[in-house]
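Encoded as structure tokens, the structure appears first; notes follow it.
Throughout, read-outs are computed from the coordinates displayed, never taken from laboratory work. These figures come from a predicted structure and were not determined experimentally. Note: ideal-geometry Cβ built from the backbone for every residue, glycine included; neighbour counts use all protein chains shown.
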Amino acid sequence: MSPSPGSGPKPIRGFAFEPHPTRKVAVSYQVIARKWRPQTFEEVSGQEHVTKALRNAIASNRIPHAILLTGPRGVGKTTLARILARGLNCDEGPTDNPCGRCSPCKEIAAGNATDVQEIDAASRTGVDAIREVIESIRYAPAPGKYRIFIIDEIHQLSKPAFNALLKTLEEPPPSSLFVLATTNPDQIPITVLSRCQRYDLRLLGTQEVSERLKTICQSEEIKLSPKSIGDLAREGQGSMRDSLTLLDQALAYGGSEISDSSVTEMLDLVDHRLLEKIAQACIDSDPARALELGHEAMQAGADPERLGESLLGLLRDLVILSVAPDASNLVEAGEEQLTILRTIAESGGTARLRRMFKALLAEQESLAWAPQPGAIIDIALVRLATLPQAEDVAELLERLRLLERSSEPTRTPEPSPAGGSPGDAPGSSGKARARVKSETKPTPKRAESNDDSGSPDDGNGAADANAIQPTPATAAPDSPVPSDKPSPEIAGTAPSASLNVILDRLRVFADKRNRPMAASLKDATLKEVGTESLHVVAESEFFAKRLEDRREDLETLISEFFSRTMKAVITSKSPHLAQTPETKAPEREKDRKKRKQALDHPDLGNAMSILGGEIVEIVPLGGEKSN
């Protein structure tokens, strides 16, 4: 039995699929980054070095078959690839200025063009996707003029996929073009890189992003202050897309009229007025005030790391304004804020601001691992506010030199009748000198003195405290040390200076100019220093022969040392008989005792502690050395 009309199930109310006559169809919102994507080469900001090359390639009909666009995120890689595709397939082209009105331009802009194929290599990493490209590229472009493949994030392709692409990338069919885009070109095989023309896109400057944001805000009737535009541009860190996304977020947060406080709160920024007060408190050496302001900033929601970064950036601006007050292009701030910053920079001074910057930078590095970042910021503010006043280094050095000169003793040394140092006991070979190898910059050494009244020799060869000094090679360059060359009195014939001191300085001078000659003079003594000659006594005939063979070098050395022409008189201490091992034994024992006493001397330990060095050699000061 057939059912009667109207006896079937009735439709449920509310599930009818017919459009309601009064219902409005919602249109999806297009974000600013997509809505304001550049459509021509002129609209691309900050990449003139790339747009100029691509436009010239189109104008001169030198289109490469493969182009690689590299650079950070959001700087225009995909945008440039699409503009290039529109310029090549435009009805008025190929042209470097696509019309945007013809069917190919509209289809490419909408992503519907059959001749322009975009591939996301991050989601299609295998070799199968490349095989589809190879199959598709064999067909001629229709209805366009070029068949273009835009492969984004190409570094994500697998190794087999890269290998499959190589041959086609090297010799593609006519009227075809590969545009590869990546943020990490280091992961692309060199075999692929060598087949492409590479263009590196750079991060955009804050001023360039600000100009673009300002243009967009004027066109969209968005009221945003220059300060907030600068904050959005800086927060984008050189990425135009990131800055436009932040602008979209600010619109959702504050509406069409966005206040500075809304942008500061949205971006979690620190109020610049609060930062200026903190910097001024640190300059005024008011740590309590600086701590209060820092606590106020963190109570307002500022992250400790963000507060440190913001204060570091402010100190950088203050240093620049203290050096170049008129360099407003180097500091991103409005005119009113620049006036305040110049006043703070003038009160701080360049030297103090630089030290504050370095101190804060050192503390900032601890925030990454600190268990209590807020405590690090507090200590950093105390450190900035308690930095001592800086003094000029050159002025300090000059004051140290004057102090050293005023404290130097002015005694006149008396020569010994035997030609040795005053105070030497009979049989003693002179005072011991410890040569210390310095690891760090030493303190200025004391003036050399030959007076033994402060430390008389006990007859056993005890080391003189005044004789402990670093070698000239380790002395500080600016220290008021005695010169290697003798004074005019020493250089003359007058017996006003010890011959041992002259010989000791001559050895140091020879060690710098002629090391072999310094070794030959190691065991020699001086008998006489005349106005035109120097009498050198060698230990034996063997050493005298060595000096005689090098007479010319010796005379050149002593002429430079005394700053006048000098001749060398060389004689031997034992002209006929050299010392035997039996005669040398007592001398060796005496030398050993003297070395031990020199090593045990307390002043030597103090010198090593001050200089931070180690003992390299111990030799008698101007006297004989036992073998």
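Below are the figures for this structure:
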quantity: Gyration tensor (alpha-carbon) shape descriptor, segment 66-160, a/c threshold 1.5; calculated: oblate
quantity: Karplus 3J(HN,Hα) series, Hz, for segment 106-121 with 6.51 cos²θ - 1.76 cosθ + 1.60 (x for Gly, Pro); calculated: 5, 5, 5, 5, 7, x, 10, 6, 7, 8, 10, 10, 9, 10, 8, 6
quantity: Segment 32-200: relative contact order in percent, alpha carbon pairs under 8 Å with at least 6 residues between; calculated: 30
quantity: Segment 21-100, relative contact order [Cα under 8 Å, separation at least 6], %; calculated: 32
quantity: Global geometry of segment 231-315, whether rounded, prolate or oblate, following the gyration tensor of its Cα atoms and the 1.5 cut on a/c; calculated: prolate
quantity: Charge dipole of segment 59-180 about the Cα centre (unit charges at C-beta), most positive-ward option of V127, I148, P64; calculated: P64
quantity: Distant-in-sequence amide H partners of E118 (H built 1.01 Å from N, under 5 Å); calculated: I150
quantity: For T114, T182, order by how many other beta-carbon atoms lie within 10 Å, fewest first; calculated: T114, T182
quantity: HN-Hα J in Hz across segment 88-104 - Karplus 6.51, -1.76, 1.60, θ = phi - 60°, x for Gly and Pro; calculated: 6, 9, 4, 4, 8, x, x, 9, 8, 9, x, 6, x, 10, 6, 4, x
quantity: Other-chain or far-sequence residues with amide H under 5 Å of S572's (modelled H); calculated: A538
quantity: Order of H49, H295, H155 - criterion: other Cβ atoms within 10 Å of each residue's Cβ, fewest first; calculated: H49, H295, H155
quantity: Footprinting exposure proxy for L54, L599, L338 (fewest neighbouring C-beta atoms within 10 Å first); calculated: L599, L338, L54
quantity: Equivalent-ellipsoid semi-axes of segment 120-225, from the Cα gyration tensor, Å, largest first; calculated: 35, 18, 13
quantity: Percent of C-alpha pairs per 10 Å bin, segment 250-401, short to long; calculated: 11, 36, 33, 15, 4, 1, 0
